[in-house]
Amino acid sequence: MIIYYSSNKLKKLCETEALGNKAFGLKQAEKIRQRIKEFEAAPSLHDISRLPPPRCHELKGNRKGCLAVVLTDNIRLIFKSNHDSVPLLSTGGLDWRAVTSIIILEVTDYHGD
C-alpha cells in the first residue's frame with residue numbers, strides 16, 4: 001500500500017526511530033514502525049489482519065470512516081482510505097480489497113471519546 005500522513009511532523013515521528021522513541025516511548029514506537037512496515041508490504045487493506053496482533057477494524061460514531069490497528073493496550077494507529085472516492089462494496093461497506101492507499105491520521109487512545 002501507499003502510505004501518506006496527515007502532517008510532516010507525524011511522518012517524522014512515525015518513521016524516524018529516535019524521534020518516535022522520544023515521543024511515544026520505545027515499545028509503542030516499535031509497534032508503530034512494525035504496523036507501517038505491514039502496511040507497506042500489503043497490496044491492499046484486505047491483507048492486514050483483522051485478528052490480533054494488528055486487529056485492523058473500522059471505527060464508529062464520531063470516527064466513522066476511519067480505521068485503526070492496535071499498537072499497545074488502548075493505543076491505536078488511526079488512518080483512513082486515501083482515495084478520491086472511497087471504495088465501497090455494493091452493500092455500502094468499505095471495499096478493503098480496493099483500498100491501496102491510506103493516510104495515517106494520529107496515534108491515540110480514543111477510548112472514552
Residues meeting the amide H criterion for L94 (H placed from the backbone, H to H distance under 5 Å, 5 or more places apart or on another chain) are L89
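Report the antiparallel proportion of the DSSP beta bridges in the chain as a percent, rounded to a multiple of 5.
Numbers: 14 of 18 bridges.
Just about 80 percent of them are antiparallel.
Quantify, in whole percent, the carbon and sulfur part of the accessible surface of the range 1-78 (1.4 Å probe; protein heavy atoms only). Could the numbers behind the result be given before it?
Details: 2420 of 4590 Å².
With neighbouring chains kept in place, the figure for the range 1-78 is 53 percent.
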Give, as a single signed number, the net charge of other residues whose beta carbon lies under 11 Å from the beta carbon of Y4, with Lys and Arg counted +1 and Asp and Glu -1. +2
Estimated vicinal HN-Hα couplings, Hz - the range 67-80 in sequence order (Karplus 6.51, -1.76, 1.60; Gly, Pro = x): 10, 8, 10, 6, 10, 9, 6, 9, 7, 10, 9, 9, 8, 8
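Sort the range 1-53 into rounded, prolate or oblate with this rule: let a ≥ b ≥ c be the square roots of the eigenvalues of the Cα gyration tensor; rounded if a/c is under 1.5, and if a/c is not under 1.5, prolate when a/b is larger than b/c, oblate otherwise.
Numbers: a/c = 2.81, a/b = 1.49, b/c = 1.89.
Oblate, since a/c reaches 1.5 and b/c is not below a/b.
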Quick one: check the C-alpha center-to-center distance for the range 99-113 versus the range 1-61, whole angstrom. 9 Å
Local electrostatic count, P52, Cβ distance below 15 Å [Lys/Arg +1, Asp/Glu -1]: +3
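Could you give the dipole magnitude of the range 1-83 about its Cα centre, charging the beta-carbon of Lys and Arg +1 and that of Asp and Glu -1, in debye to the nearest 20? Intermediate values should be presented prior to the final figure.
Values: 16 positive and 8 negative charges, 66 e Å.
The calculation lands at about 320 debye.
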Can you compute log10 of I(q)/I(0) for the chain with the Debye formula, treating each Cα as one identical point scatterer, at q = 0.13, 0.19 Å⁻¹? -0.46, -1.00
Divide by every residue of the chain the summed helix terms, -39500 (n - 2.57) for each DSSP H run of at least 4, and state the resulting mean residue ellipticity at 222 nm, rounded to the nearest 500 deg cm²/dmol. -8500 deg cm²/dmol
Projected onto the charge dipole of the chain (unit charges on the beta-carbon of Lys, Arg, Asp and Glu, signs +1, +1, -1, -1), the Cα from T91, C56, A23 with the largest positive-side position is that of A23
Sites H57 and T108, calculated FRET efficiency, Cβ-Cβ separation with R0 22 Å, nearest 0.05: 0.90
Using θ = phi - 60° and the Karplus curve 6.51 cos²θ - 1.76 cosθ + 1.60, what whole-Hz ³J(HN,Hα) does each residue of the range 43-57 get, with Gly and Pro shown as x? x, 8, 4, 4, 7, 8, 4, 8, 9, x, x, x, 6, 5, 8
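How high is the relative contact order of the chain, given as a whole-number percent (alpha carbon pairs under 8 Å, six or more residues apart)?
Values: 180 pairs, mean separation 32.0, N = 113.
Dividing the mean separation by the residue count of the chain yields 28 percent.
The values are calculated or read from the model by the stated rules, or taken from the named source; none is laboratory data. Only a predicted model underlies this, so the values are computations on that prediction, with no experimental measurement involved. Note that we place each Cβ from the backbone using ideal geometry, even for glycine, and neighbour counts take in every protein chain shown. For the accessible areas, the whole protein counts, side chains as well, though only heavy atoms, and no ligand, DNA or RNA atoms are used. Shrake-Rupley method; radii C 1.70, N 1.55, O 1.52, S 1.80 Å.
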